[in-house]
1. Need one number: convex hull volume per residue for segment 6-136, Cα atoms only, in Å³.
2. Normalised by the number of residues in the chain, what is the relative contact order in percent for Cα pairs under 8 Å and 6+ residues apart?
3. Return the loop-located trypsin sites (Lys or Arg not before Pro) in segment 193-262 (DSSP other than H, G, I, E, B) with at most 15 other Cβ atoms within 10 Å of their own Cβ; answer none if there are none.
4. Would you mind counting up the charge near HIS114? Only other residues with Cβ under 15 Å from its Cβ, with Lys and Arg at +1 and Asp and Glu at -1.
5. Return one number: the angle in degrees, 0 to 90 and rounded to the nearest 10, between the long axis of the Cα atoms of helix 67-77 and the longest principal axis of the Cα atoms of the chain.
6. Check each of the GluC sites (Glu not before Pro) in segment 85-139 and keep only those in coil by DSSP with at most 14 other C-beta atoms within 10 angstrom; list them in order.
7. Among THR77, MET252, HIS114, which residue has its Cα furthest toward the positive end of the charge dipole of the chain, with +1 on Lys/Arg Cβ and -1 on Asp/Glu Cβ?
8. Ratio of alpha-carbon Rg to the 2.2 N^0.38 Å globular estimate for the chain, to two decimals, please.
Amino acid sequence: MRQFFIITNPYKDPELATTNEITDFLRSRGCGCPVKIARQIQSGSRTYTDAAEVPAGTECILVLGGDGTLIEAARDTVELGIPLLGINLGSLGFLAEVEKAGVKHALSLLIEDHFHTEERMMLDGQLFRGETCMDTSYALNDIVITRSGSMQIIHFHIYVNGQFLNEYNADGVILSTPTGSTGYNMSAGGPIVEPGAKLLVITPICPHTLNTRSVVLSGEDEVVVEMAAWKKDVLFRAEVNFDGGHAAMLRMGDRIRVARSQRTVKIVKISQVSFLEALHKKMSEK
């Protein structure tokens, strides 16, 4: 690899010290490395990087920040099909595997083509109001339906491949990819899934019942979440959120259809450390 594009989170690298260190190193090795400072450039949904700014011929996108920055960069550039390498300047990083101390070694391996890539599945989500599709987006991590503003719980029904699964009174529900299983899903008590798997995880958020658990489905399954009435004449406020960025408000009767996307994200892997080894390390950190 000789042509890179760098996306850096200014909140994680406020003086751009790590960014400048990387650009100096790459340029000293004869590599191209234009820099994009990630900022919110689209109101309503977070869009940090305009894919049109990525030069033709770019072989790898280096993302400096944490897992959240990498997820945003992946969403913004997924149509380009360019692999991404995350450089962790945050705290708990599962996606951004390269730590600041190992940056130069990792870059040397990239330049010498000593790496491999993993393809991560994404989810497509559609919001239907009646028969009309009101909104559509996609997610690398998760699609989350949750209450908005009020402390009132929400009531919803879940269908899998057209078959009724269950009804819930809860604060919401997380529909997660394997990549997203170590995010909000894990915090809500959901299972951790090997990131290369092709699965979909449903995890209720604070369900008002004693026997509700996560449900793990095939990546080929289609899930529909229907917003339903809980009590007569009780209004609710809820929203659906895609990867913590793109969001839409929900009404009673709305349906959110979620299925595996045809899009995939390519993640560069340099370390020979297995997912289980990395998971053990993260779980042992204080």
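A short reminder: the numbers here are calculations on the coordinates, not readings from a lab. Being a predicted model, the structure only gives us computed values, none of them experimental. Cβ sites come from the backbone with ideal geometry, for glycine too, and all protein chains shown count toward neighbours.
1. On the way: hull volume 17.0 nm³, N = 131.
Hull volume normalised by residue count: 130 Å³.
2. Numbers: 636 pairs, mean separation 54.3, N = 286.
19 percent.
3. Details: sites: LYS198, ARG213, LYS231, LYS232, ARG237, ARG251, ARG255, ARG257, ARG260; in loops: LYS198, ARG213, LYS231, LYS232, ARG237, ARG251.
Hits after loop and neighbour filter: LYS198, ARG213, LYS231, LYS232, ARG237, ARG251.
4. Combined, the nearby Lys, Arg, Asp and Glu give 0.
5. Approximately 90 degrees, to the nearest 10.
6. Details: sites: GLU97, GLU99, GLU112, GLU118, GLU119, GLU131; in loops: GLU97, GLU112, GLU131.
Of the GluC sites (Glu not before Pro), the ones in loops of segment 85-139 whose Cβ has at most 14 other Cβ atoms within 10 Å are GLU112, GLU131.
7. MET252
8. Working: Rg = 20.0 Å, N = 286, 2.2 N^0.38 = 18.9 Å.
For the chain, the normalised Cα radius of gyration comes out at 1.06.
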